[in-house]
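Accompanying notes for the structure given below.
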């Protein structure tokens, strides 16, 4: 998995860990989306320094999809942050990503659902482990939602 593009929403993390960036309305109107890149296409970044010096940087094909996704989210007006999967998060930060309370995150850690380590007296979990738990919780929630929908359908159809 590599680097994660975390999209802001209800996620509120400590500023020393995450810096969210966004585009102004003016910049969004002036920017153009990247065209869909095909096999063999190359992505290059042209940098014009303040003194007028220009530099061209090649973006490796493996990073092009991340750049494309980053720009697409920003052009939609979303604020984004790029996080490494081995970024360590506090239980409070993990709770914001998971959409559950901090005490529930600590319970998940104690039960072994979310691996963590102590840094002094403080718990820290890797972002990749938090996202893995979120994926499992999302699958479980989708199943609960489907069951509720089926139950509602049975009530409506058969009067149960």
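Might you let me know whether region 55-63 holds any residue that is closer than 30 Å to residue 88 by Cα, out of contact with any helix residue (DSSP H, G or I) (no Cβ under 7 Å at 6 or more places or on another chain), at pLDDT 80 or above and part of a loop (DSSP other than H, G, I, E, B)?
yes
Listed here are the residues, each with its yes/no results for (1) surrounded by 10 or more Cβ atoms within 10 Å (Cβ to Cβ); (2) farther than 30 Å from residue 29 by Cβ; (3) modelled with pLDDT of 95 or more; (4) in contact with a helix residue (DSSP H, G or I) (Cβ under 7 Å, 6 or more places away or on another chain).
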{"site": "83", "(1), (2), (3), (4)": "yes, no, no, yes"}
{"site": "90", "(1), (2), (3), (4)": "yes, yes, no, no"}
{"site": "97", "(1), (2), (3), (4)": "yes, yes, no, yes"}
{"site": "108", "(1), (2), (3), (4)": "yes, yes, yes, yes"}
{"site": "116", "(1), (2), (3), (4)": "yes, yes, yes, yes"}
{"site": "153", "(1), (2), (3), (4)": "yes, yes, no, no"}
{"site": "157", "(1), (2), (3), (4)": "no, yes, no, no"}
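Within region 17-35, which residues are touching a residue at least 24 places away in the same chain (Cβ under 8 Å) and outside any helix (DSSP H, G or I)?
Selection gives 17, 18, 19, 20, 21, 22, 23, 31, 33, 34.
Looking at the structure I just gave you, is residue 99 touching a residue at least 40 places away in the same chain (Cβ under 8 Å), more than 30 Å from residue 44 (Cβ to Cβ) and within 14 Å of the chain's Cα centre (by Cα)?
Against the criterion (touching a residue at least 40 places away in the same chain (Cβ under 8 Å), more than 30 Å from residue 44 (Cβ to Cβ) and within 14 Å of the chain's Cα centre (by Cα)), residue 99 qualifies.
Where residues in region 128-149 are under 15 Å from residue 99 (Cβ atoms) and touching a residue at least 24 places away in the same chain (Cβ under 8 Å), which of them is surrounded by the most Cβ atoms within 10 Å (Cβ to Cβ)?
Filtering region 128-149 for residues that are under 15 Å from residue 99 (Cβ atoms) and touching a residue at least 24 places away in the same chain (Cβ under 8 Å), the one surrounded by the most Cβ atoms within 10 Å (Cβ to Cβ) comes out as 130.
The values are calculated or read from the model by the stated rules, or taken from the named source; none is laboratory data. Here the structure is a predicted model, which is why all the values come from computation and not from measurement. Positions of Cβ are backbone-derived with ideal geometry, glycine not excepted, and every protein chain shown enters the neighbour counts.
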